1. Among the numbered conditions (1) surrounded by fewer than 19 Cβ atoms within 10 Å (Cβ to Cβ); (2) under 25 Å from residue 223 (Cβ atoms); (3) in contact with a strand residue (DSSP E or B) (Cβ under 7 Å, 6 or more places away or on another chain), tell me where residue 134 comes up short.
2. Checking residue 174 against (1) buried (at least 20 other Cβ atoms within 10 Å of the Cβ); (2) within 22 Å of residue 223 (Cβ to Cβ); (3) modelled with pLDDT of 85 or more, only one condition comes out false. Which one?
3. Just wondering, is there one or more residues in region 143-165 that are surrounded by fewer than 13 Cβ atoms within 10 Å (Cβ to Cβ) and closer than 17 Å to residue 114 by Cα?
4. Can you find a residue in region 199-214 that is within 30 Å of residue 131 (Cα to Cα) and assigned to a loop (DSSP other than H, G, I, E, B)?
5. Can you name the residue in region 153-181 that is over 17 Å from the mean Cα position of the chain (by Cα) and assigned to a strand (DSSP E or B) and, of all such residues, is farthest from residue 83 (Cα to Cα)?
6. Would you mind finding the one in 215, 210 that is free of Cβ contacts under 8 Å to residues at least 40 places away in the same chain, farther than 30 Å from residue 144 by Cβ and surrounded by 20 or more Cβ atoms within 10 Å (Cβ to Cβ)?
């Protein structure tokens, strides 16, 4: 398999801390080009603006990702009228080839991917550190129909370390005997910690309200995972469906709002 190495873009920002996130040191620079994101406080509750990470962390802000380059279909799948394999990550509306690095507070977060209908039955999840060394990888059985698949790092996977970035891949094995035909999408994730006051706020609220707080504090993976769990538990709740649609639209992924959520 030939991996296309994503290039990270870093920004050193001096804006006042508006969110109560702990400050942290950015990871080693892998690219020298500078990106200054908008200071708009986006994808807050009630807004439909695009996602951008907190403007005060000094961490990588955007990454050129295979998840925004529609891969070719598996050779046997040309008759399927599918959307492309896509990592559900916030996109930069000004430059579609970029997605944003996402934040998490989880030691073992959940990742979401839209998987099209495919004749392939085997997939793979791969997690690498920022030096391109394997941290974890596992084989997966792909769903028969199209839909949104979630993958949570299991208990036997290493915990994500605080103040570190990781590169993850979701792979479809079109032909296990010809790995050069694999399809893949990828993204970057950074683990951070919230102040204890925010942790207490999250612990003392309902899951539904917790989604709003995760959005407020820019925790993309937690917001998506919590809302997905609520929808799976309450499939006929029209308000949850509307909130799911609004969240995906706010991150530039609205075309997947009607895709079925497949149980992990």
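The values are calculated or read from the model by the stated rules, or taken from the named source; none is laboratory data. Please read these numbers as outputs of a predicted model, since none were measured by experiment. All Cβ positions, glycine included, derive from the backbone under ideal geometry; neighbour counts span all protein chains shown.
1. Exception for residue 134: condition (2).
2. (2) is the only condition that residue 174 fails.
3. yes
4. To start, the set of residues in region 199-214 that are within 30 Å of residue 131 (Cα to Cα) comprises 214.
Imposing the further condition that a residue be assigned to a loop (DSSP other than H, G, I, E, B) reduces the set to none.
Within region 199-214, none of the residues are within 30 Å of residue 131 (Cα to Cα) and assigned to a loop (DSSP other than H, G, I, E, B).
5. Among those residues, the one meeting the criterion is 173.
6. Numbers: 215 fails: free of Cβ contacts under 8 Å to residues at least 40 places away in the same chain.
Sole residue among the options that is free of Cβ contacts under 8 Å to residues at least 40 places away in the same chain, farther than 30 Å from residue 144 by Cβ and surrounded by 20 or more Cβ atoms within 10 Å (Cβ to Cβ): 210.
So that you can scan it fast, the table gives a plain yes or no per residue for (1) over 18 Å from residue 127 (Cα atoms); (2) within 18 Å of the chain's Cα centre (by Cα):
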position: 183; (1), (2): no, yes
position: 198; (1), (2): yes, no
position: 202; (1), (2): yes, no
position: 215; (1), (2): yes, yes
